[in-house]
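The values are calculated or read from the model by the stated rules, or taken from the named source; none is laboratory data. Predicted model only: the values in this text are computed from it and were never measured. FYI the Cβ positions are ideal-geometry reconstructions off the backbone, even for glycines, and counts take in every protein chain you see.
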Amino acid sequence: GDSVTQMEGPVTLSEEACLTINCTYTATGYPSLFWYVQYPGEGLQLLLKATKADDKGSNKGFEATYRKETTSFHLEKGSVQVSDSAVYFCALSDANDMRFGAGTRLTVKP
Amino acid sequence: SQTIHQWPATLVQPVGSPLSLECTVEGTSNPNLYWYRQAAGRGLQLLFYSVGIGQISSEVPQNLSASRPQDRQFILSSKKLLLSDSGFYLCACDRPRGGYTFGSGTRLTVV
């Protein structure tokens, strides 16, 4: 079945460092891809999405490009801030079925 | 825009006690609704989903049940809690243009 694999954490970076969190997927159809963010003690928030190959989702300085040839949707940010510390989930949706990755915890130190 | 309300935010319950967690949705009609559990430091586990009033699908056999008495109300219940029921419970609904909107969650500790 469809699945998502994302890099294991935790990831610790200094403020203003570059971020990449890898996400790859397996799907039989043409899924939509998502990144969610979960701040401490809160629910998940949709961060960005892409619905077809070569689409780029972006929000709050984060970007991810739907790469069909490599079945990837890596999350990137050029300069992270302390406030970006959170758990990030990659997910895919095909029809009405949403599959989440295991989550990657990011800690940004001042 | 959609908003999901969950309560309570935190709950401490003894083993063997009943449970009722409520989720209500605003800003949408006839949504697909979901209950997820997140164990400490782990990913999301889909527990139940509902496509309409009275329609519940269970993804994992367990000590929990769900009900949908109204279009925008989704309730998670248990008759007798186990220690293993501890976790962070999240309600979610479909967004019109893809993805989910999540509630703020209920942290349940069974002692």
Filter result for the condition that a residue is within 14 Å of another protein chain (Cβ to nearest Cβ), within 23 Å of residue B:49 (Cα to Cα) and at pLDDT 95 or above, over A:36, A:30 = A:36
Inside the range A:53-110, counting only strands (runs of 3 or more DSSP E) that do not spill past its ends, which hold 2 or more residues that are more than 13 Å from the chain's Cα centre (by Cα)?
-> A:86-94, A:97-100, A:104-109
Is there any pair with a first residue in the range A:70-96 that is over 16 Å from residue A:60 (Cβ atoms) and a second that is assigned to a loop (DSSP other than H, G, I, E, B) and of a type in the set (Val, Ile, Thr) whose Cβ atoms are under 9 Å apart and which are 6 or more apart or on different chains, and what are they?
-> A:94/A:28
Go through the residues of the range A:71-87 one by one and say whether even a single one is within 14 Å of chain B (Cβ to nearest Cβ), farther than 14 Å from residue A:47 by Cβ and touching a strand residue (DSSP E or B) at 6+ places or on another chain (Cβ under 9 Å).
-> no
If you check residue B:81 against the conditions, is it over 22 Å from residue B:29 (Cα atoms) and within 13 Å of another protein chain (Cβ to nearest Cβ)?
-> no
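Any idea which of B:76, B:81 is within 29 Å of residue A:86 (Cα to Cα) and either in contact with an Asp or Glu (Cβ under 7 Å, 6 or more places away or on another chain) or surrounded by 16 or more Cβ atoms within 10 Å (Cβ to Cβ) (or both)?
Selected residue: B:76, the only one of B:76, B:81 that is within 29 Å of residue A:86 (Cα to Cα) and either in contact with an Asp or Glu (Cβ under 7 Å, 6 or more places away or on another chain) or surrounded by 16 or more Cβ atoms within 10 Å (Cβ to Cβ) (or both).
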Only strands (runs of 3 or more DSSP E) wholly contained in the range A:5-51 count here; list those with 3 or more residues that are in contact (Cβ under 8 Å) with a residue 12 or more places away in the chain and either of a type in the set (Gly, Ala, Ser) or surrounded by 22 or more Cβ atoms within 10 Å (Cβ to Cβ) (or both).
-> A:32-38, A:44-50
Inside the range B:1-53, can you point out the residues that are small (Gly, Ala, Ser) and closer than 18 Å to residue B:82 by Cα?
-> B:16, B:17, B:20, B:39, B:40
Confirm whether residue B:63 is over 14 Å from residue B:6 (Cβ atoms) and touching a Cys at 6+ places or on another chain (Cβ under 7 Å).
-> no
In the range B:29-39, is there at least one residue being at pLDDT 95 or above, surrounded by 12 or more Cβ atoms within 10 Å (Cβ to Cβ) and aliphatic (A, V, I, L, M)?
-> yes
